[in-house]
Amino acid sequence: MNEEQKQAYLEDYKQEKEKGVKFYPDIIYKDLIVAFALFLLLVGLAIYVGVAAEPPADPSDSSYIPRPEWYFLFLFQLLKYFPGQIEWVGTVIIPTIAVLALLLLPFYDRSPFRHWKKRKVATAIMSIVVIGMVALTVLAAVSTPPQEEVAFATTITDKIVLGQDVYSIHCVECHGAEGEGGEIVGVEGLEGVFLKSISSQDEMYTRSDDTFFAIIDYGQPDLGMPPYGLGYGGELTRGEIDAIVNFMRYTWDDRVEIPEEAAQAGAIPELGPNEIPSYEVHIEPIVKRYCVSCHRPGKKNNNYLMRSFQETMETGDNAPNVIPGDLNSNNILMMNRQEIEAGGPMPPTRALKPELIVIFEKWVLGGAPETAEEAAALSPTEEPTAPITEETEVSP
Amino acid sequence: MAVKVVNWLDERLGLLSIYNLVFDRKVPKVNWWFTLGSASLFLFVVQGITGVFLSVYYVPDPEKAYSSIQYIMNGVAFGWLIRGIHHWGATLMVIFVFIHMLRTFFMGAYKYPREITWVTGVVLLLATLGMGFTGYLLPWNQRAYWATTVGTAIAGTVPVVGDFILRILRGGNDLSAVTLARFFSVHIWFLPVVIVGLISVHMYLVVRLGISSEPKDEAE
Ligand code: HEM
């Protein structure tokens, strides 16, 4: 702009101002309305959408698909078009040009016009850039594969429950369901090794959470315990190890109290007097806690897997191990510590608590139903009959 | 009485002249697009206030950052609300600052005599993005960790000095406690100071030069 144009602009602007309004209240009231609306929007988003929970950072878990904040996605996508040797075109040249072009805009755009009709080139370029950015963002969003859900817990209760599950799968075969230890039976490479308890007061009072975490993460290879952390070749994420530590601390340390909900979630459901147990309500928690650790793929178990109802009923070299109605089923005999053709007592190291064996026996006797509904249908019709007898007593 | 107090204060603080200069000034009649700048300012203030509250409980240490945020979400009264507002405020601020930039661009508001307003604005936009980038790492969760790993690795591709920049960003070869300390410090000190300084200049210029008028189509 030359001097003349500048003067013309200032003169014109002065007139606009005179025709205009006062900042207070005319302008500021609009600003306040927008601010207020934004505030409501923010509170609404915070309440109804919230912040998605994420598992803790795990440098060893490189399967995680990196996702930048959404407003950087367009850059992320742009870089994909400059692979390998020319990557720096995308990372340096283009961003530098873009920033300089923006920064220096008032100095190279010398035209005095302000209305877009007289600035068609500038308007077109910026429009194309913005549309391009939006398009790249959308492309990036649709082309990033969804993250595989990993189990992680944020509240103490969830951690304890998750920790119990993970402990049951990975630790029980050697350390026992209650951390009691003893002689290891049926674990390749560790057969006959004698383990001390990890749930004793000694253990709980002298080991910090960090120590437990490190032991699970790194293992104690010299003593025979393999590493479990992803970073050391194991299969557990940091969140899962953290969950195990919480489970151990809250369940075995008598100085802390386990939250009521967690205790309930971890407890094996009790059985009513005439109730026939079902797999999903009663048997699954027992199996999960005491059996699956060995009865999953990759373990020495005569191919008997117990991760689901189906597997429990049908798999195994000596299948069927559960015969509905027959107390001579392999499972029941072995639980009762008998040595039979199919194998030795189960679980190998320590007998199940008698009340758990009773649940198992009632389940097999009752026909080994899978769901709670099936079990209810098989149960002796206690509910309809009981009230009727009462009524017959009262009415005459 | 009230008049007396105001007069007493005015004699010493010169409130009236501020009022006349800032609030009572004449400006052209403009449309709603002109509220985007003040909306950006409002969002920045919201981010500042919620951020200060978050800093009470947040611990910038890889061992504790994640659990400190969980504590904010589950343990601190209204912690979840403050964090939710800060989280969404960051997104909204980027959007609003960006659209505000577009508005001043499409209306040619960066031209004489508002060139410096524009230049400070561009730096503000970059600083706002910088806030987003540094803030993203702080929760120290998977998303944060891997996004920052990739983000800083990008800096490493710059020819010649790339490796050097990468080490400055990470404070070493890998993401570590040093990285978190740096990002935290940049997020709560360096960038906010820069932004407050630039907003001051930006606002001074807006008041001094007056808001531009809506461009007219002179052909009509
Ligand atoms: C934290 C970020 C920012 C804040 C708080 C802010 C605030 C403001 C405010 C309150 C105004 C008054 C007029 C209006 O609201 O439209 C304004 C005007 C202006 N802003 Fe910003 N701004 C920011 C970022 C930017 C950016 C990124 C740019 C451009 C790259 C920019 C360029 C301008 C220009 C040129 C004006 C003068 C507009 C006119 O007089 O019509 N600002 N800014």
Spans of helices (runs of 4 or more DSSP H) in the stretch A:1-115 with at least 2 residues basic (Lys, Arg): A:3-19
B:VAL59, sole failed condition from (1) more than 16 Å from the ligand (Cβ to nearest atom); (2) of a type in the set (A, V, I, L, M, F, W, C); (3) modelled with pLDDT under 95; (4) in a loop (DSSP other than H, G, I, E, B): (3)
Unique residue being within 16 Å of the ligand (Cβ to nearest atom), within 13 Å of chain A (Cβ to nearest Cβ) and modelled with pLDDT of 95 or more when the list is B:LEU180, B:LEU205: B:LEU205
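Kindly establish whether A:PRO56 is within 7 Å of chain B (Cβ to nearest Cβ), under 35 Å from the mean Cα position of the chain (by Cα), open to solvent by less than 40 Å² (accessible area, probe 1.4 Å) and closer than 25 Å to B:PHE96 by Cβ.
On the way: within 7 Å of chain B (Cβ to nearest Cβ): yes; under 35 Å from the mean Cα position of the chain (by Cα): yes; open to solvent by less than 40 Å² (accessible area, probe 1.4 Å): yes; closer than 25 Å to B:PHE96 by Cβ: no.
The answer is no for A:PRO56.
In the stretch A:172-286, which helices (runs of 4 or more DSSP H) lie fully inside it and hold 2 or more residues that are surrounded by fewer than 14 Cβ atoms within 10 Å (Cβ to Cβ)? Even if it seems obvious, please write down each step before you answer.
Numbers: elements: A:172-175, A:201-206, A:209-218, A:238-252, A:260-266.
Passing ranges, in order: A:201-206, A:209-218, A:260-266.
Which residues, taken from the stretch A:287-312, are assigned to a helix (DSSP H, G or I) and more than 29 Å from the chain's Cα centre (by Cα)?
Narrowing the stretch A:287-312 to residues assigned to a helix (DSSP H, G or I): A:287-290, A:309-312.
Passing the criteria: none in range.
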Filter result (in contact with a Pro (Cβ under 6 Å, 6 or more places away or on another chain) and within 10 Å of the ligand (Cβ to nearest atom)) within the stretch B:112-146: B:GLU115, B:TRP118
All positions within the stretch A:19-38 that are closer than 15 Å to B:PHE96 by Cβ, within 13 Å of the ligand (Cβ to nearest atom) and open to solvent by 30 Å² or more (accessible area, probe 1.4 Å): A:LYS30
Selection status of B:THR149, within 14 Å of the ligand (Cβ to nearest atom) and either closer than 14 Å to B:GLY51 by Cβ or over 20 Å from the mean Cα position of the chain (by Cα) (or both): no
Count of residues meeting criterion [in contact (Cβ under 8 Å) with a residue 24 or more places away in the chain, of a type in the set (Gly, Ala, Ser) and closer than 24 Å to B:ILE154 by Cα] in the stretch A:22-81: 3
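Just wondering, is there one or more residues in the stretch A:73-80 that are among the hydrophobic types (A, V, I, L, M, F, W, C), surrounded by 13 or more Cβ atoms within 10 Å (Cβ to Cβ) and within 16 Å of the ligand (Cβ to nearest atom)?
Step one: filter the stretch A:73-80 for residues among the hydrophobic types (A, V, I, L, M, F, W, C), giving A:73-76, A:78-79.
Still in the list and also surrounded by 13 or more Cβ atoms within 10 Å (Cβ to Cβ): A:73-76, A:78-79.
In the following step, the residues that additionally are within 16 Å of the ligand (Cβ to nearest atom) were identified as none.
Checking the stretch A:73-80: not a single residue is among the hydrophobic types (A, V, I, L, M, F, W, C), surrounded by 13 or more Cβ atoms within 10 Å (Cβ to Cβ) and within 16 Å of the ligand (Cβ to nearest atom).
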Candidates B:GLY156, B:GLY132, B:GLY210 - the one that is within 8 Å of chain A (Cβ to nearest Cβ) and at pLDDT below 95: B:GLY210
Options A:ALA124, A:ALA153, A:ALA135; residue that is loosely packed, with under 15 Cβ neighbours inside 10 Å and either modelled with pLDDT under 95 or within 14 Å of chain B (Cβ to nearest Cβ) (or both): A:ALA124
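Just a yes or no: is a residue in the stretch B:153-172 under 25 Å from B:ARG83 (Cα atoms) and more than 9 Å from the ligand (Cβ to nearest atom)? Step through it out loud before you land on a result.
Of the stretch B:153-172, the ones under 25 Å from B:ARG83 (Cα atoms) are none.
No, that holds for no residue.
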Among (1) at pLDDT below 95; (2) touching a Gly at 6+ places or on another chain (Cβ under 8 Å), the one test that B:HIS86 misses: (1)
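Can you find a residue in the stretch B:19-27 that is within 20 Å of B:VAL207 (Cβ to Cβ), near the ligand (Cβ under 9 Å from one of its atoms) and open to solvent by less than 60 Å² (accessible area, probe 1.4 Å)? Reasoning before the result, please.
Residues of the stretch B:19-27 within 20 Å of B:VAL207 (Cβ to Cβ): B:19-27.
When the remaining residues are screened for being near the ligand (Cβ under 9 Å from one of its atoms), the result is none.
Taking every residue of the stretch B:19-27 in turn, none turns out to be within 20 Å of B:VAL207 (Cβ to Cβ), near the ligand (Cβ under 9 Å from one of its atoms) and open to solvent by less than 60 Å² (accessible area, probe 1.4 Å).
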Close pairs from the stretch B:90-109: first within 10 Å of the ligand (Cβ to nearest atom), partner at pLDDT 95 or above and among the aromatic types (Phe, Trp, Tyr), Cβ under 7 Å, at least 6 apart: B:MET93/B:PHE44; B:ARG103/B:TRP33; B:THR104/B:TYR110; B:THR104/B:TRP118
A:LYS120 being free of Cβ contacts under 8 Å to residues at least 12 places away in the same chain and not aromatic (Phe, Trp, Tyr): yes
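Condition check ((1) under 30 Å from B:LEU92 (Cβ atoms); (2) over 40 Å from the mean Cα position of the chain (by Cα)) across all residues:
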| position | (1), (2) |
| --- | --- |
| A:ARG67 | yes, no |
| A:PHE76 | yes, no |
| A:PRO83 | no, no |
| A:GLU87 | no, no |
| A:PRO95 | yes, no |
| A:LEU103 | yes, yes |
| A:HIS115 | yes, yes |
| A:LYS118 | no, yes |
| A:THR123 | yes, yes |
Residue among A:ALA243, A:ALA262 that alone is touching a helix residue (DSSP H, G or I) at 6+ places or on another chain (Cβ under 6 Å) and modelled with pLDDT under 90: A:ALA262
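The values are calculated or read from the model by the stated rules, or taken from the named source; none is laboratory data. Since this is a predicted model, take the numbers as computed values, not measurements. Cβ sites come from the backbone with ideal geometry, for glycine too, and all protein chains shown count toward neighbours. For accessibility, only protein heavy atoms count, side chains too; no ligands or nucleic acids. Shrake-Rupley method; radii C 1.70, N 1.55, O 1.52, S 1.80 Å.
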